[in-house]
């Protein structure tokens, strides 16, 4: 979900090249919440655009909506209250109008009645704003949007992204599959594959990496899929294959796109897992050299290999390095 001013729309689930997934033994996952997000796309504003201008069957399924209301009326009071709470969603800030959404998203919501479209739009904006700081509440906002507009592809995409950021990988996978069915867009494949990894099904992740539709992804999307494939190879203990999955001319690309530092970082991480420490150091250094926007923690990884320790002073803008302090 992107906003016109780029404010709340820059969040997407983080991409490969963050330390938390490397520490967890998933050195190539495109995104678990909690680290530095990558260029979502994986560009936070771009390579695989979030929720903007997707096609597909976006007509609301009013019969399902009506049936859902009837079912809620038949539930016991306590259960009905819980269902109603999910439908209502978290409180919406007064300053959110829904007009903040990207035009492509707004166009998809035009298939809904006007008041309903506004409500859904406000929940999507709220979710985007909270994705970094409170992914679980962001997810609850998308649940409320989903309850009102389950046949709109961009709503299912937003639900998938929020579930992904909140670590609800089973839910995220289901939502991305639905978004792909509705829109026909193959760009969900890397995140679907990564969800399979998170669910400890690396073989299924590799199956998605072989999907013929991968060839229709843009360069950033294909790089993302290769990073996930590499991680799946590592999950299976094939460290040499994990390295090979990332080799190619793209490693030396002069592009300023966000996938460049992420690819180099993932390659360095794969090399390190394969026992190639010196080569890994070189590529962490190369990743850090093109990562002015902080898509990865390559600088920290490089320092660790050199035996240095970063000291968190409590100020995000002032991180000191304690030279000479050994781990």
Any hit, region 294-317, residues being modelled with pLDDT under 95 and closer than 25 Å to residue 188 by Cα: yes
Residue list for region 247-295, filter: over 23 Å from residue 217 (Cα atoms) and not in a helix (DSSP H, G or I): 274, 275, 276, 290, 291, 292, 293, 294
The one condition in (1) within 21 Å of the chain's Cα centre (by Cα); (2) within 17 Å of residue 171 (Cβ to Cβ) that residue 122 fails to fulfil: (2)
Residue list for region 180-216, restricted to those being touching a residue at least 40 places away in the same chain (Cβ under 8 Å) and under 17 Å from the mean Cα position of the chain (by Cα): 185, 187, 190, 191, 194, 197, 198
Matching residues in region 59-110 - criterion: being closer than 14 Å to residue 121 by Cβ and modelled with pLDDT under 60: 60
Top-ranked residue of region 92-104 - restricted to ones that are under 21 Å from the mean Cα position of the chain (by Cα) and part of a loop (DSSP other than H, G, I, E, B), ranked as nearest to residue 153 (Cα to Cα): 102
Those residues of region 105-135 which are touching a helix residue (DSSP H, G or I) at 6+ places or on another chain (Cβ under 9 Å), closer than 15 Å to residue 92 by Cα and outside any helix (DSSP H, G or I), in sequence order: 131
Selected residue [crowded, with 16+ Cβ neighbours inside 10 Å and more than 28 Å from residue 306 (Cα to Cα)] from 201, 286, 264: 201
Given (1) touching a residue at least 24 places away in the same chain (Cβ under 8 Å); (2) closer than 28 Å to residue 157 by Cα; (3) crowded, with 17+ Cβ neighbours inside 10 Å, number of the condition residue 270 does not satisfy: (2)
Per-region count, region 176-227, residues in a helix (DSSP H, G or I), closer than 23 Å to residue 239 by Cβ and out of contact with any helix residue (DSSP H, G or I) (no Cβ under 6 Å at 6 or more places or on another chain): 4
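The values are calculated or read from the model by the stated rules, or taken from the named source; none is laboratory data. Everything numeric in this text was worked out from a predicted model, so none of it was measured. All Cβ positions, glycine included, derive from the backbone under ideal geometry; neighbour counts span all protein chains shown.
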